[in-house]
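K.L.:
Attaching a single structure in structure tokens format; questions to follow.
Here, each number is a calculation from the coordinates, and none is a lab measurement. Computed from a predicted model, the values in this text were never measured in an experiment. Here the Cβ positions follow ideal geometry from the backbone for every residue, glycine too, while neighbour counts run over all protein chains shown.
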Amino acid sequence: MLEETKLKAALYAAISLTVVGYAGSFAGVEPLHNQFFPVAVWAYALFADNLVYRMSGSSPLITRAGELFVLALWSLAFSAVFELLNLRLCGWYYLNQPATLSTRWAGLALGWAAFLPSLFITSELLRCLGIFGRLKMPPLAVTPALIRGFYAAGLGMLLLALAFPKFLWPLACAAPLFLAEPLNYRLGLGSLLREWQGGLPAKTLRLAVSGVACGLLWGAWNGASGAKWAYSLALKAGPELFGLPVFAYAGFGVFALEAYSLYSLASWLRAGKSWEESAWELPGKPPAAAARWAACLILIVTSYIALRAVDAHTVKLYIGWI
């Protein structure tokens, strides 16, 4: 009964956000038009989660609401870290941000917090549809040499991105995948390497497809929003869609894999608990509660610093009447 109530409430919230958000955006009502992106992305996440529950009897919001909240918080934290990295990378910037601090920060924070939930709920939706479910691959031999290669590739990508940001900043979005995966594998956390070792490419492919799909949706909603981000690309080739070359949307697939790996690594603080229903708790003594509280404090401080830094360096244009 409780789950049915939550299901209806989430559906009504999704419908309300969609109607109010889209109507306000098309009519130019502020701040709905200016802050259309966070409204649209959360409406989508609620709708997609509803579908996942109706198809499988379980979903991140309806049956594991606490996990979805934690996921949104880590999404905010990871986004804040990337925003701080962007001070060096200068890979993207913001336009038409409201001069009112509360409106601006609420929009940014809600948008950042929605990235991982929308990605992973989309992946769950693909799983419910049976996409790639029967696909197999030759098992990957996870050797010490491969682990060292992952570390070297991740560190090399990060250093190259920081050294030559004008041309190579996208490498910084792939580097965490290669740095986090070996750690996840060794710690017994959710790991794509372990999936490949078992000859199971389905999760990887679903995440990659979810990344491309969400990248396209984010691009469309960002284009329709008054407040938006834009990319700094030194090299452009081929047709563009929502301000990006079409081929560049493949990068969102890599971003989804990196997001999964980083969140799996963060789940160590909770002994492996995750948004995934199949996640298992690590044996042995869990990390001390002090470590979790310290992580919460770091999350809050990092998010605050990132918001201040974005205001000072990444926002290129403010709008005074919002």
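K.L.:
Taking 7 Å along the Cα-to-C-beta vector as the label spot, tell me the Leu297-Leu159 distance in nanometres, rounded to one decimal.
P.N.:
Label-label distance for Leu297 and Leu159, simple model: 3.3 nm.
K.L.:
Just checking my list (i) 64, 50, 37; (ii) 57, 56, 45; (iii) 120, 38, 29 against Cα extents along the principal axes in Å computed from this structure; which label fits?
P.N.:
(ii)
K.L.:
Which far-off residues, 5 or more places away or on another chain, put their amide H under 5 Å from the one on Val315, with H placed in the peptide plane?
P.N.:
Tyr94
K.L.:
Divide by every residue of the chain the summed helix terms, -39500 (n - 2.57) for each DSSP H run of at least 4, and state the resulting mean residue ellipticity at 222 nm, rounded to the nearest 500 deg cm²/dmol. Can you show the working numbers first?
P.N.:
Numbers: 11 runs with 208 residues, N = 322.
Dividing the helical sum by the residues of the chain leaves -22000 deg cm²/dmol.
K.L.:
Using θ = phi - 60° and the Karplus form 6.51 cos²θ - 1.76 cosθ + 1.60, what ³J(HN,Hα) does each residue of region 42-47 get, whole Hz, x for Gly and Pro?
P.N.:
Going residue by residue, I get 6, 4, 4, 4, 5, 4 Hz, with x marking Gly and Pro.
K.L.:
Could you give the length gained on full extension between Ala289 and Leu216, defined as 0.36 nm per residue of separation minus the Cα-Cα distance, in nm?
P.N.:
On the way: separation 73, 0.36 × 73 = 26.28 nm, distance 3.91 nm.
Stretched fully, the Ala289-Leu216 segment lengthens by 22.4 nm.
K.L.:
Can you figure out the FRET efficiency of Ser102 with Ala141, using R₀ = 35 Å and their beta-carbon distance, to the nearest 0.05? Walk me through the numbers on the way to the answer.
P.N.:
On the way: r = 53 Å, r/R0 = 1.53.
It comes to 0.05.
K.L.:
Given Gly243, Leu193, Val52, which one lies farthest toward the positive end of the charge dipole of the chain, if we put +1 on the Cβ of every Lys and Arg and -1 on the Cβ of every Asp and Glu?
P.N.:
Leu193
K.L.:
Which residue, chosen from Ala202, Tyr22, Ile62, occupies the Cα position most advanced towards the positive end of the dipole of the chain, where the dipole is computed from +1 (Lys, Arg) and -1 (Asp, Glu) charges on Cβ about the Cα centre?
P.N.:
Ala202
K.L.:
Enumerate the calculated ³J(HN,Hα) couplings along region 293-299 in order (Karplus 6.51 cos²θ - 1.76 cosθ + 1.60, θ = phi - 60°), each rounded to whole Hz, writing x wherever the residue is Gly or Pro.
P.N.:
5, 5, 5, 4, 5, 4, 4
K.L.:
Let me ask something else. Size of the dipole of the chain about the Cα centre, Lys and Arg at +1 and Asp and Glu at -1 on the beta carbon, nothing else charged, in debye to 20? Let's see the in-between values first.
P.N.:
On the way: 23 positive and 15 negative charges, 93 e Å.
Roughly 440 debye for the chain.
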